[in-house]
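Please treat every number below as a calculation from the coordinates, not as lab data. Treat the numbers as computed from the prediction; the structure is a model and nothing was measured. Glycine gets a Cβ as well: all are built from the backbone with ideal geometry, and neighbour counts include every protein chain shown.
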Amino acid sequence: MNINKVAWQLLETHSETAKSFHLKDLFADDPDRFDKFSLQFEDILFDYSKNLVTDEVMTGLFNLAHEVDVEGWRTRMFSGGRINLTEDRPVLHVALRNMSGDPIHVDGADVMDQVSSELDKMKSLTENVRSGKWRGYSGKRITDVVNIGIGGSNLGPQMVTEALRKYSDNKVSVHYVSNVDSFQIAQILRPLNPEQVLFVISSKTFTTRETLTNAATARNWLLASSFDETAVDRHFIAVTANRANALEFGIPEGNIHDLWDWVGGRFSLWSAIGLPIALNLGFDNFEKLLGGAYAMDQHFLNAPLEKNAPVIQALIGIWNSSFLGMQTQAILPYNQSLHMFSAYMQQADMESNGKSVDWDGNDVPYSTGSIIWGQLGINGQHAFYQYLHQGKNIIPADFIGAVESSTTVKGHHEYLMANFIAQTQALMNGIDKEQVRDELRAKGKSESYIDNLVSHKVHQGNRPTNTILLKRIDPHSLGALIALYEHKIFVQGIIWRVCSFDQWGVELGKELANHILPQLETGTPIKTQDSSTMGLINFYKNKITQ
Ligand code: F6P
């Protein structure tokens, strides 16, 4: 157990003292605090100075990282060690963007051979579709790509294509279907011409019911137009680690793009799962995305822990969560293009570290895996920031912004960024009773008015934030940003000793749904479930027949 480590125990002692810190004082006491507690990677500034840490705390956190051998685990991941313990697999999303030319071996074979031949195949498909060489069954060019997939087979590509919309030449539009609620696929397909649509069926397992149901509907939609089964060859691509199931579905061998069991779904956008990105933005932009992630991988791999952005981000998160008892973590991007970033990171982080037993199957006695949530910061300011500033629970937040605007329209970006910076300052400093009184007096308010209002206007401050400020959002910097978070998640999993690369917790609900499905479909009332489940099923069945 890591709580038996010397560093963990010392940090627990520090955490008692930290309860009396106020960020305002930490800044007042140390004019160099920003320089000390921020770092720059390429054009990305990572400012973690507005956290409840001191030199002593940071030293303690680094000692913890050393003591649990983060460096050793990091080497194991990059060299193909089977660190996905419960599934006995390597964890090699870093191989998908390995531009070093060095091999990475799994069971004696260099996986880089597979990676580069799959990249070549993606490139050729991308170029053929975008140039119009690839034609639909009636000879028309492809204008729309519909990606059908869910979770990691949806969120990554969708988040990235949204974030990099500015870089799309719109030769091919992309659409995403994830929900098995037919309303989504119906809405997306209705305006499209089946002769010009390419479906990408993305499923690592090719067993996910939501995806296969949507894929079957898509095929029916196509065949209703083509009246010819062979049209599937021109309109369906599969991305999967399960070729057999894709073939059985009817997708021809040459249209199947490979994924491997050593790529976790939530870390798979760098693989052929990223096809919609390449189709929409062009392969060169996809390569730039990989290049950004590779650059962050190199930083993570080579920088000392004390200067290592993902390590520091992970340690700050551990400090807030396991030592200071803050269980949630908001992710608040300010750029419109990053509007799906929090949703993407929610899966990446919560599916990875939302675990309560350690590597040996023992209950962990500390809190693990933060509750990740968030949305565009500027919209949040007019929604939930009230709670961030004055709520009872303290919610650490990552603020993400870019120096350059994505457009040249004047008068917007400065205002956006003024808010971006002001919010972290407000969360840090707050405003006390005396300041509130002075402000209200300056506005000419009466003393009785002030007495009534003063406590309502006090902001305690002392709310921790990280600020991640990019020069601009482009394929390279976005790749680096995503990889930053991926490695943060990895380091936290090592320190918490949880199995970050499995997801057993998603299985039970799926299995129960398979039992409930026939019960919804039979005509007779159900008598064999607990009273609530039975009540829900029978209510549904009654209403559907009325
Ligand atoms: O939600 C569970 C999960 O297995 C995710 O980990 C994964 O990203 C998603 O389902 C989709 O799985 P697949 O790509 O196999 O369809």
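Listed values, structure above:
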| quantity | calculated |
| --- | --- |
| Two-site FRET efficiency, K543 against T59, from Cβ-Cβ distance with R₀ of 51 Å, rounded to 0.05 | 0.25 |
| Greater than 30 Å apart at Cα, pairs in K133/K204; K307/K457; K36/K355; K204/K471 | K307/K457; K36/K355; K204/K471 |
| Distance from the stretch 31-68 to the stretch 313-356 (C-alpha centre basis), Å | 18 |
| Cα centroid separation - the stretch 196-251 against the stretch 1-19, whole Å | 53 |
| Efficiency of FRET from Cβ geometry, E447 and D120, R₀ 56 Å, rounded to 0.05 | 0.15 |
| Three semi-axes of the equivalent ellipsoid, the stretch 93-287, Cα gyration tensor, whole Å, largest first | 26, 18, 16 |
| Dipole in debye (nearest 20) - the stretch 136-200, about Cα centre, beta carbon charges: Lys, Arg +1; Asp, Glu -1 | 200 |
| Protection-proxy order for peptides 452-464, 401-413, each taking the mean of Cβ atoms within 10 Å per residue, highest first | 452-464, 401-413 |
| DSSP beta bridges in the chain [antiparallel fraction, %, rounded to 5] | 30 |
| Only Lys, Arg (+1) and Asp, Glu (-1) charged, at Cβ; the chain dipole about Cα centre in debye | 1700 |
| Nearest-20 debye value, the stretch 342-407 charge dipole, Cβ charges on Lys, Arg, Asp, Glu | 320 |
| Protection proxy ranking, peptides 265-274, 86-95, average beta carbon neighbours within 10 Å, highest first | 265-274, 86-95 |
| Amide H within-cut-off set for F236, under 5 Å, with H built and near neighbours excluded | F199 |
| Contact order normalised by residue count of the stretch 93-287, Cα under 8 Å, 6+ apart, percent | 29 |
| Solution diffusion estimate, µm²/s, Stokes-Einstein, the chain, Kirkwood Rh from C-alpha pairs, 10 °C, viscosity 1.306 mPa s | 62 |
| Computed label-point distance, nm, for sites E248 and D113 using a 7 Å Cα→Cβ extension | 2.9 |
| Cα-based helix-to-principal-axis angle, 209-226 vs the chain, degrees rounded to 10 | 40 |
| Spin-label zone in the stretch 339-357 - amide nitrogen under 20 Å from a point set 7 Å from the Cα of E87 along the C-beta vector | 344-357 |
| Per-pair calculated FRET efficiency, R0 = 56 Å: S455 and N220 via Cβ, rounded to 0.05 | 0.35 |
| 5 angstrom amide H check on G430, placed H, neighbours 5+ away | G461, N462 |
| Helix-only mean residue ellipticity at 222 nm for the chain, each DSSP H run of n ≥ 4 adding -39500 (n - 2.57), per residue, nearest 500 | -15000 deg cm²/dmol |
| E507-T522 pseudo-label distance in nm [points 7 Å out on the Cα-to-Cβ vector] | 2.6 |
| Percentage relative contact order, the chain, counting C-alpha pairs under 8 Å, at least six apart | 18 |
| Cα centroid of the stretch 386-463 to Cα centroid of the stretch 156-190, whole Å | 36 |
| Long-range HN-HN contacts of T328 with modeled amide H, under 5 Å | I371 |
| DSSP-loop trypsin sites (Lys or Arg not before Pro) across the stretch 52-137, with at most 13 other Cβ within 10 angstrom | K133 |
